Amino acid sequence: MSLFRIDGRHGKRPFSGDTLHPMSLSTEERKREMAVALKLMFDAVGDEHLFRLHFYADEERFTRVHPTTWKDMEDRGWIKQHQLAGGGLRLHLSCDGWLDALRGSGVIQTTEFETRLGRLNSYLKRRVDGRQCEDLVAVETVAAETGLPGGWIYNMAACRYWQIARRQHGAEIDPKTRPPSIWIDHRFGLAMI
């Protein structure tokens, strides 16, 4: 089952009383609910910086998501949960969640994604072409010079897209730099062995 193929049954599980505490969900319902919640978060992130965005479990878009689903998603590494003093739950989409949603949503197969990726790859490769060492460039510089959204560029590098999704030497965010900068491996684009 594809991560986001949903047969329309989400949200039709009976609830006990007027509370949002459900009866036990089947394994398939749990998987389906996780996929729905992940897609909602991924769509909300869009081209924004992944780590600047957070969600709350009690947001309207998540009213049909069961509390156990958040724990299942955290166990899978898709989100990080933070219990708030007032009893609420703040959620952050992780890089693993973002990358799995990128693949599972089909975005990765779209012409728009391939065009963006091609433009970003060309730019980063030119930065290290012929060098024997890495390069460091600010995300805002990459965005200005490529015309690509800075948040999307940041997410690709922060989540190590090339290394994880393509098994290639790539680029990643240097955590010590402000504003955020991308560290580009001089072997950019070569297969990892």
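The values are calculated or read from the model by the stated rules, or taken from the named source; none is laboratory data. Please read these numbers as outputs of a predicted model, since none were measured by experiment. Here Cβ is always computed from backbone atoms with ideal geometry, including for glycine, and neighbour counts include all displayed protein chains. Ligands, DNA and RNA are excluded from the accessible area calculation, which covers all protein heavy atoms including side chains. Shrake-Rupley method; radii C 1.70, N 1.55, O 1.52, S 1.80 Å.
In segment 65-86, the condition of being open to solvent by less than 90 Å² (accessible area, probe 1.4 Å), at pLDDT below 90 and among the small types (G, A, S) is met by at least one residue.
When segment 162-185 is filtered for residues that are without any contact (Cβ under 8 Å) to a residue 24 or more places away in the chain, over 19 Å from the mean Cα position of the chain (by Cα) and within 12 Å of L136 (Cβ to Cβ), only K176 remains. Screening R90 with (1) assigned to a helix (DSSP H, G or I); (2) of a type outside the set (S, T, N, Q); (3) touching a residue at least 12 places away in the same chain (Cβ under 8 Å) gives one miss only, at (1).
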